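A.B. asks: Have a look at this one before I ask anything.
The values are calculated or read from the model by the stated rules, or taken from the named source; none is laboratory data. The shown structure was predicted, so the numbers you read here are calculated from the model rather than taken from an experiment. Every residue, glycine as well, gets a Cβ built from its backbone with ideal geometry; the counts of neighbours run over all protein chains shown. The area values use the complete protein model at the heavy-atom level, side chains included, leaving out ligands, DNA and RNA. Shrake-Rupley method; radii C 1.70, N 1.55, O 1.52, S 1.80 Å.
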Amino acid sequence: MTNGNGTGPTASDSLTAVFEWWFMSRDVENSSRKQYRTILARSVVPFFGADALSAVSPPAIAQWVAWMTDDRGYKAATVRFRFNILKSVFTWAEERRLVPANPCQGVRLPESRARTYRDQRADVHIPSPEDVHAAISAAPERYRGMFWLMAGCGLRLGEAMGVARDRIHFPERTVTVDRQVACDADTGTGRYGSMRLRHIKWREEGERGREVPLPGVVALALRRQLRDHGTWGENELLFSNVTGTGLLYPYYWYGSIWKPALAAAGLAYFKPHSLRHFYAASLLSQGVAISEVSAWLGHSSVSFTERYYSDLLPDAPDRARLAIDGTLGLAPKSADPGLFGAA
């Protein structure tokens, strides 16, 4: 990628141009480039316009943060994420001596990282088992298997769309999750929006995906799915578009499958991702180790899982009390019965 003169970016180029140069030069998935392009269009161009890279100062960055918070109404997590993206752009520019220093350094964000994490946890919606059953019952029969895979195996929406017959292992009672349907294929215009079936994100092509336990209730639903609707295409995928001729498009799923199912079930709207939260909460509440839950969810680390679901470990306080009492020598039998009575 070059500018109009056939060379690399310069300090006089616009921040917008350098931002695009930055993400196009990165070795990342098309889905990430699509996300960067969205951030550029919605959060960078409307504020900075044609401002030159060299003209962007720390006060301008601080004003941009305030604009995202007050004018755009972005949540703290979104502001922090987009700020960190722009900070990476300027770090890249600084390394190439396009700017003398990163103007994002020292700019204070409206919320601390810890507060952001607390807010993210507060946004986690966990539907009740009754709500999950109601949503599944109200869904079109040919797509109910997707609901079961998300609620009963913890799959993401795109992962559920990409499940094929040979990824379901009934004798071993497992499902291999190694592919997903994504809207990030190159259209040939520099934009990313075409549908494709690809390897799951954050995994190298050819690297084995994760093996997820297949509960009996989900296995029954998938056998019914295969019996009544079969598979389609050379990959033998379980779920296709409504005509059975192509990949299931996420926008169609949201508008024509998910929302109508919730409405028919009389449920207030919640995101399909909440079924994945339901899966995690169900396992943790039954005492399944968080390391196992993290692996089955396909999280990058156990700490990431803990960040979101640490509040879902109901027996953790009891285990903490027993551990300290045992270590410090206060045996349960010798404890004063009135020790924890009213003061």
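A.B. asks: Can you tell me which residue in the range 208-264 is modelled with the highest pLDDT, limited to those that are open to solvent by 70 Å² or more (accessible area, probe 1.4 Å), within 15 Å of Arg167 (Cβ to Cβ) and part of a loop (DSSP other than H, G, I, E, B)?
C.D. replies: Glu236
A.B. asks: Would you please name the residue that is most open to solvent (accessible area, probe 1.4 Å), looking only at residues in the range 265-274 that are at pLDDT below 95 and in a helix (DSSP H, G or I)?
C.D. replies: It comes out as His273.
A.B. asks: Just name the residue that is least open to solvent (accessible area, probe 1.4 Å) out of those in the range 91-113 that are touching a residue at least 40 places away in the same chain (Cβ under 8 Å) and of a type in the set (D, E, K, R).
C.D. replies: Arg96
A.B. asks: If you don't mind, there's one more thing I want to ask. So which pairs qualify, if the first residue must be in the range 67-82 and touching a residue at least 12 places away in the same chain (Cβ under 8 Å) and over 14 Å from Val107 (Cβ atoms), the second must be among the aliphatic types (A, V, I, L, M) and not in a helix (DSSP H, G or I), the Cβ gap must be under 9 Å, and the two must be at least 6 apart or on different chains?
C.D. replies: That search, which allows pairs on different chains as well, returns Ala76/Leu109.
A.B. asks: Pick from Arg319, Arg307: which is surrounded by 11 or more Cβ atoms within 10 Å (Cβ to Cβ), among the charged types (D, E, K, R) and at pLDDT below 85? Don't jump to the end; show me each part of the working.
C.D. replies: Values: Arg319 fails: surrounded by 11 or more Cβ atoms within 10 Å (Cβ to Cβ).
The conditions single out Arg307.
A.B. asks: Next question. Just checking: which of the helices (runs of 4 or more DSSP H) contained wholly in the range 1-90 hold 3 or more residues that are open to solvent by less than 30 Å² (accessible area, probe 1.4 Å) and under 30 Å from Gln180 (Cα atoms)? Explain how you work it out, then say what you get.
C.D. replies: On the way: elements: 15-24, 30-39, 45-48, 58-66.
Here the list reads 15-24, 30-39.
A.B. asks: With the requirement that a residue be touching a His at 6+ places or on another chain (Cβ under 7 Å) and of a type in the set (Phe, Trp, Tyr), what does the range 225-278 give you?
C.D. replies: Result: Phe270, single match.
Table: residues versus (1) surrounded by fewer than 21 Cβ atoms within 10 Å (Cβ to Cβ); (2) closer than 20 Å to Ser32 by Cα.
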{"site": "Met146", "(1), (2)": "no, no"}
{"site": "Leu149", "(1), (2)": "no, no"}
{"site": "Gly152", "(1), (2)": "no, no"}
{"site": "Gly162", "(1), (2)": "no, yes"}
{"site": "Pro171", "(1), (2)": "yes, no"}
{"site": "Val175", "(1), (2)": "no, no"}
{"site": "Cys183", "(1), (2)": "yes, yes"}
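A.B. asks: Within the range 224-239, how many residues turn out to be in contact with a strand residue (DSSP E or B) (Cβ under 9 Å, 6 or more places away or on another chain) and under 17 Å from Trp148 (Cβ atoms)?
C.D. replies: The total comes to 5.
A.B. asks: Which of the residues that make up the range 245-269 are over 18 Å from Cys183 (Cα atoms) and of a type in the set (Gly, Ala, Ser)?
C.D. replies: Once the filter is applied, which keeps residues that are over 18 Å from Cys183 (Cα atoms) and of a type in the set (Gly, Ala, Ser), the range 245-269 yields Ala261, Ala263, Ala264, Ala265, Gly266, Ala268.
A.B. asks: Let me ask another. Given the criteria assigned to a loop (DSSP other than H, G, I, E, B) and touching a residue at least 60 places away in the same chain (Cβ under 8 Å), does Phe278 qualify? Write out each step before concluding.
C.D. replies: Working: assigned to a loop (DSSP other than H, G, I, E, B): no; touching a residue at least 60 places away in the same chain (Cβ under 8 Å): yes.
No.
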